[in-house]
Amino acid sequence: MSTLRASTPSAATHQGAGRYAPSPSGELHLGNLRTALVAWLFARSTDRRFLVRVEDLDRARDAGTAGAQLADLRALGLDWDGDPVLQTDSGEAHEAAIAQLASAGLVYECTCTRKDILAAPTAPHAPPGAYPGTCRDLTDAERAAARARIAPRLPALRLRAPEGESRLAFDDALLGRTEGDIDDLVLKRGDGTVSYNLAVVVDDAAMGVDQIVRGDDLASSTPRQILLQRLLGLPTPPEVSYAHVPLVLGPTGARLAKRDGAVTLSDLWAAGMASADVLAMLAGSLGLAGAEERVTASQLVSRFDPAALPREPWVWRPASA
């Protein structure tokens with residue numbers, strides 16, 4: 001567990017697992033660490049394995065911080081089972097899933113840019129930015145012409161969402177009954193990068209993950225992912241449970257960011273805080289520890305009650321604010 005090593009996801013050998021899946025695009029900040037702690041507590045309090053997956057598919061955003069992220073988790077007392085998994089090792093499984101969808105007639109090429117999508121009229125009641133279906137029903141000749149227009153760039157691949165699947169509801173341990181829209185989501189970008197929604201569904205199933213805890217900014221993606229689970233014949237709710245954790249906000253009420261000052265573990269160490277102080281602060285924000293009470297991660301497991309977790313964002317204010 002002390003080193004990052006590439007390994008291929010395999011079928012679960014034990015019953016159930018939770019996971020934390022950071023992107024190595026930068027250091028973990030307090031919001032990331034708080035979500036990791038909650039995910040760990042969910043798993044450990046339910047006797048699940050806890051797994052770590054480094055979501056490194058987007059090479060352009062990979063800042064090489066995976067090792068530092070793992071070190072930060074260990075500094076807070078969080079452990080995991082087995083070696084961390086690199087998402088890029090699962091390329092064959094991702095491609096196989098896309099091929100399975102394509103064989104069912106559920107994949108089509110799309111040459112639209114983000115600007116094209118935002119400029120196109122959308123269907124009534126569709127959310128802003130929803131794909132309007134521009135490339136969905138092109139003829140072979142129209143598709144070839146569109147492909148030629150963008151050469152040498154390649155078209156993206158989109159899911160042809162089945163009729164009647166424009167909205168989907170699921171039960172969330174923290175958000176309650178939640179409903180969201182589904183459009184013809186991207187499965188693979190023109191640069192060859194497999195989409196987050198496709199990869200996370202395939203990888204969670206391969207790793208035996210049946211408890212997904214993550215930030216509530218990703219709740220809107222869950223209906224899309226549940227649809228993909230169904231189409232690929234993978235476990236879906238209630239076999240898979242979801243809990244979306246409220247975000248951490250900065251002093252201005254905006255989403256926490258580096259501009260808010262010392263928000264990473266290394267920043268806080270430099271400011272004189274010990275790892276134990278940071279854990280105590282995070283535990284206090286979750287109602288799991290009293291003011292200035294020193295605790296260990298393992299002590300929090302017996303105190304953990306999902307029903308008592310805060311349902312509102314935590315606004316972090318540095319001591320000097």
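Residue pairs whose Cβ atoms lie under 8 Å apart, sitting 6 or more positions apart in sequence or on different chains, and linking a residue in segment 184-197 that is free of Cβ contacts under 8 Å to residues at least 24 places away in the same chain to a partner that is assigned to a loop (DSSP other than H, G, I, E, B) and among the aliphatic types (A, V, I, L, M), are Ser195/Leu185. The helices (runs of 4 or more DSSP H) located wholly in segment 208-321 that include 3 or more residues which are touching a helix residue (DSSP H, G or I) at 6+ places or on another chain (Cβ under 8 Å) and crowded, with 18+ Cβ neighbours inside 10 Å occupy 222-232, 275-285. Entry remark, segment 52-75: residues being within 14 Å of Trp40 (Cβ to Cβ) and aliphatic (A, V, I, L, M) number 4 in total. Looking across segment 71-110, the residues that are of a type outside the set (D, E, K, R) and assigned to a strand (DSSP E or B) come down to Val85, Leu86, Val107, Tyr108, Cys110. Does Arg259 qualify as being more than 20 Å from the chain's Cα centre (by Cα) and either on the phi < 0 side of the Ramachandran plot or modelled with pLDDT of 95 or more (or both)? Answer is yes for this residue.
The values are calculated or read from the model by the stated rules, or taken from the named source; none is laboratory data. Here the structure is a predicted model, which is why all the values come from computation and not from measurement. Here Cβ is always computed from backbone atoms with ideal geometry, including for glycine, and neighbour counts include all displayed protein chains.
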